[in-house]
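Down below is the structure, laid out as C-alpha cells.
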Amino acid sequence: MTAVDAIYLAVTVCAISLAVYKLRHRSRPWGTPSLWALCAFILCYAATAWIIAPATHAWVDRVTATPNLAALLSFVVVTAGTGSATTLALYWGYPADAVRTRVRTVFLFCGSAIVAMTVLFTLSSVPDERPVDFVTYYATEPTVAATVLIWLLSAGGGWAVITGWCFSWARRPDFAALPWLRLGLRLYGLSGAVYAVFTLFRIVVVCANWFGVTTMNGLDTASPVVAALAVNFILAAALLLPAWGPRWPLLRTWLSRWRAWWILRPLHQALADIDPGAVLVARKSRLDSNHRVRRMVMELGDWRWLLAPLFDPLVADMAEAAADGATGERLRAVREAAQLKAAAEAWRRGVRAAAPSTSDGDIRDGTDIQAELSWWLQVARAYDRRSDR
C-alpha cells in the first residue's frame, strides 16, 4: 500500500465513522429525508475516496476486466454525492413541503449527468489503465474530455450553489442564537468552496491540454489528495461542531480539572502517607476529573488539619525570607508549603502534638470548592518549587 492509498483509506474510514455516528445519534426519525440525504452524501464521499485510491482503481479494473471503469464509477459517485449534498442543503434551508420540486430537479439533473457520462465513457477508447492521471492522460480524447467536463461542471456547479446557500443562510437573524449551527453552515459552505475551486482548476487543466499545455499535469495529479484531505477535515468539523460545540464549556472544564489534578498530584503524593486510608477514588469515576480533583482537595484538607499542630512559625519565616519578593496570596502559599513539608517530615519521624496550635496558614472551611482548589493549586506550585531545591 502506497502513501496515497493510505491517505484515501483514512479518508474513507473517517467518512464511514461520521455516517455511523450520525445514524447512532440521530435526532430525527428514520424516515426523515434530510437524515437519509446526509448519510447518502457521507457514504458517497467515502465511496469516492475508496474508488479513486490507485490500488482500488487497479482492483476494480482487474475484477471487471474493463480498463479505467473505476474512473467512471468515481465520476458517478461524486455526482450522486453532489446531488445528496444539494438535497441536504435544501432541507436545511427550507420546509420539507417546499423543496420537493427542487429535489426532483436535483435528481433529474444529476441522473441526466450520470447517464450522459456513462454513454460517453462507453463510446470512449481508454485501453491504457491510468489510476493516477486518467484525466490528463486522456484529456485530448473528445468523448473522455466531455465525460470529465460533465463531471466537473455538475459537481463544481452544485458545490458552488451549496456554498452560496450556506453562507447566505448563516447570516440569517434566526441563527443569531445558534452560533455553533451558524459556524457549521459556514464550514459546510467552505468545504463546497474548496471543492468548487478544485473542480475549476481541473477544468483549466483539461482545457490547457487541448492546446498542448501540459505544465500543470503534475499539480493535477496531486490535487485530488490535497482536496480530499482538506474537504475531509472541514466536513468533519461542519458535521460535528453543531452537536459538540455547545458541549465545549463542559469539555473545557473537564480538561481544566485534569490540569489541576496534574498540578496537585506531586503534593498529594508527598502527603498521602500521613493518612493513606483517606485516599478514595470511586471505581466508576476514575475518568471524572471533577471527582478526582474534589477528592484531592478534601484529602489535602484532612491531611493539613492533621499536620497543622506541627506547623512551626520559624519555618514559615525562613521560607518567607527566601521567597524572592513574593507578596499576598502567593507569599501565604509559600509559607504554607514550607510548613506542610516540615510538618510532614516530622510526622514521619513520629512527632505528634498534644494539642492544635495556631498558625498563619490559610485554613479553609470547605464551603467553596473553587476557592479551595485555587488555594491548593498555589500551595502545590510553591511546594513543587521548594522540592526542586
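Counting only protein heavy atoms and a 1.4 Å probe, region 249-343 has 56 square angstrom of accessible area per residue. Given the chain, what whole percent of its Cα pairs are spread farther than 38 Å? For the chain, the fraction of Cα-Cα distances above 38 Å is 47 percent. Note on the chain: GNM, Cα springs under 10 Å; of 257, 283, 130, the largest mean-square fluctuation is that of 283.
Can you tell me how region 257-324 classifies by the Cα gyration tensor, rounded, prolate or oblate, using a/c under 1.5 as the rounded cut? Oblate, because a/c is 1.5 or more while a/b does not exceed b/c. Sorting 371-380, 237-246 by average packing, meaning the other beta carbons within 10 Å per residue, from highest down gives 371-380, 237-246. Mean-square fluctuations from a GNM of the chain, with a 10 angstrom spring cutoff on Cα atoms, peak among 232, 68, 290 at 290. Charged side chains reduced to their Cβ positions (Lys and Arg at +1, Asp and Glu at -1) give region 146-255 a dipole of some 400 debye around its Cα centre. Shape class for region 1-110, computed from the alpha carbon gyration tensor (a ≥ b ≥ c): oblate, with a/c not under 1.5 and a/b at or below b/c.
Highest mean packing first, where packing is the average number of other Cβ atoms within 10 Å per residue, the peptides 3-12, 150-159 line up as 150-159, 3-12.
Membrane-span-like helices in the chain (whole DSSP H runs, Cα extent of at least 20 Å along the helix axis, mean Kyte-Doolittle hydropathy of at least 1.6): 33-51. Computed over the chain, relative contact order equals 12 percent, with contacts defined as Cα pairs under 8 Å that lie 6+ residues apart. Calculated accessible area for region 179-245 comes out at 45 Å² per residue, all protein chains present (probe 1.4 Å; ligands, DNA, RNA ignored). Accessible area per residue (1.4 Å probe, heavy atoms of protein chains only) ranks 117, 216 as 216, 117, with the largest value leading. Within the accessible surface of the chain, defined with a 1.4 Å probe on protein heavy atoms only, the carbon and sulfur portion equals 65 percent.
The values are calculated or read from the model by the stated rules, or taken from the named source; none is laboratory data. This structure is a prediction, so every number in the text was calculated from the model and none was measured. So basically every Cβ, Gly included, is an ideal-geometry build from the backbone, and we count neighbours across all protein chains shown. Only protein heavy atoms, including side chains, enter the accessible area calculation; ligands, DNA and RNA are left aside. Shrake-Rupley method; radii C 1.70, N 1.55, O 1.52, S 1.80 Å.
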